[in-house]
Amino acid sequence: MRFMLYPTIHAVGSTVYFMLFLLFLCARLVPRTNPGITFWAGAALAACCARLAMLLLPTESDASGGLLWYAVFITLEKLLLLLGAFRFFGPVYLPGGRRMLTDRWLYGLVGLALGWIFAYGQLGLPRVPYDLGLAVLNVVALLLLAVAVYRSRIRLPQWLKSSIVVVVSLLALHWSLIVPLYLWWLPDWRQQGFVFGTVQAMLQYLLILSAVIVLFVRRLSESEAKALDMAYHDPLTGLSNKRYVDVLFGQALQLANRPHQALAVFYIDLDNFKPINDNAGHKTGDLVLQEVAKRLRACLRSTDICARIGGDEFVVIATQIEQEQHVLEIAEKLLKQLRQPVQIDQHSYELGASIGVSLHPRHGQELAELLEKADSAMYQVKQHGRNGYRLYNGDERRG
């Protein structure tokens, strides 16, 4: 009666551990995955083999094959569990900065444990020292795992990190009570204790797998954000690009549609930039463009939009314009900033800019139409000596 549920327990346990092994293995296939996941896949497989040993091999005597192979696989499981933890969560360091346990020491301790198991099976050692040795190994390994998770710098949700530490600590407590509680004081409860320990161990693996998934999701979100940033921003200046301006224009219109407020589009083409780029080199030209972007940002409010749409062409969209005079003041402010000499490597470069301006809704409803008219006004500035600004008035023509 005492062992009647063991076959069911080991069959279910081996199945669950094998599924965990497959899940960790699938996670390992993701590019640039932390190598600790490979060791955890091996640990889950070792736990599966331990249950299969108890299920398929004899367990009648204390030194029977099932019990011995169970101990071997449980020892290997703890080795792989710690190797994975030290790679995923980071190694455990002493207060002086010295690493508490290197892989070499870990291999040595596991080698001693396997030798202890072999000696028990071959030499017929007493059962109690054997059980105590196996329990101590599991307690030490699990406490090291709990410390590694607790002191880890990986950004995990606090509830998940705390749950792993609590479950692993409870499992260590369970192993510390196996010999005195289930072998000496309450032998009839040994089966229930085995079930309890198995459930805790499975929960431990599920929480560790949850940590892996959380980091996968975070990495995916960060990669997506980086991809969007690259798609919508100019990599040289950090300003928005033309594609992102199209996206933001709808938001800017919502501000422009407020009573007595308009929106202004400034089309900026730098003067004298091509000679700088040709004579001083593209590296210097890039530094000049970065300085221009910095100055444009300094002139604008948080509600305004600034973008680089070409080599030396920029667009500024100013929102919440209440009077036309404000448009001219902004244009003058932008032009004043761009007239200032740019200092690069102890050389001074004179720029200036030609700025064309169009207004919503007076000159159009769509961004493309507003940009076209602002560009036309800017062209007129170029035609009349450059280094100035002009508001579109409908008379502009390109010759």
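If you go through the stretch 320-343 and keep only what is in contact (Cβ under 8 Å) with a residue 60 or more places away in the chain, outside any strand (DSSP E or B) and touching a helix residue (DSSP H, G or I) at 6+ places or on another chain (Cβ under 8 Å), you end up with Ile330, Leu334, Leu338.
Of everything in the stretch 199-231 that is farther than 30 Å from Lys242 by Cβ and among the hydroxyl-bearing types (Ser, Thr, Tyr), the residue that is surrounded by the most Cβ atoms within 10 Å (Cβ to Cβ) is Tyr205. Looking across the stretch 225-248, the residues that are at pLDDT 80 or above and hydrophobic (A, V, I, L, M, F, W, C) come down to Leu236, Leu239, Val245. With respect to Arg301, determine if the residue is open to solvent by 60 Å² or more (accessible area, probe 1.4 Å), within 38 Å of the chain's Cα centre (by Cα), in contact (Cβ under 8 Å) with a residue 40 or more places away in the chain and farther than 17 Å from Gly352 by Cβ. For Arg301, the condition - open to solvent by 60 Å² or more (accessible area, probe 1.4 Å), within 38 Å of the chain's Cα centre (by Cα), in contact (Cβ under 8 Å) with a residue 40 or more places away in the chain and farther than 17 Å from Gly352 by Cβ - is not met. Contact annotation: residue pairs with Cβ atoms under 9 Å, 6 or more positions apart or on different chains, pairing a residue in the stretch 344-355 that is open to solvent by 100 Å² or more (accessible area, probe 1.4 Å) with a partner that is in a loop (DSSP other than H, G, I, E, B), are Glu350/Asp271; Glu350/Asn272; Glu350/Pro341. Please go through the stretch 125-168 and pick out each residue that is of a type in the set (Phe, Trp, Tyr), in contact with a helix residue (DSSP H, G or I) (Cβ under 9 Å, 6 or more places away or on another chain) and surrounded by fewer than 18 Cβ atoms within 10 Å (Cβ to Cβ). Once the filter is applied, which keeps residues that are of a type in the set (Phe, Trp, Tyr), in contact with a helix residue (DSSP H, G or I) (Cβ under 9 Å, 6 or more places away or on another chain) and surrounded by fewer than 18 Cβ atoms within 10 Å (Cβ to Cβ), the stretch 125-168 yields only Tyr150.
The values are calculated or read from the model by the stated rules, or taken from the named source; none is laboratory data. Note that this is a predicted model, so its numbers are computed, not measured. Heads up, the Cβs are rebuilt from the backbone with ideal geometry, glycines too, and the neighbour counts pull from every protein chain shown. Heads up: the accessible areas ignore ligands, DNA and RNA and are worked out on the full protein's heavy atoms, side chains in. Shrake-Rupley method; radii C 1.70, N 1.55, O 1.52, S 1.80 Å.
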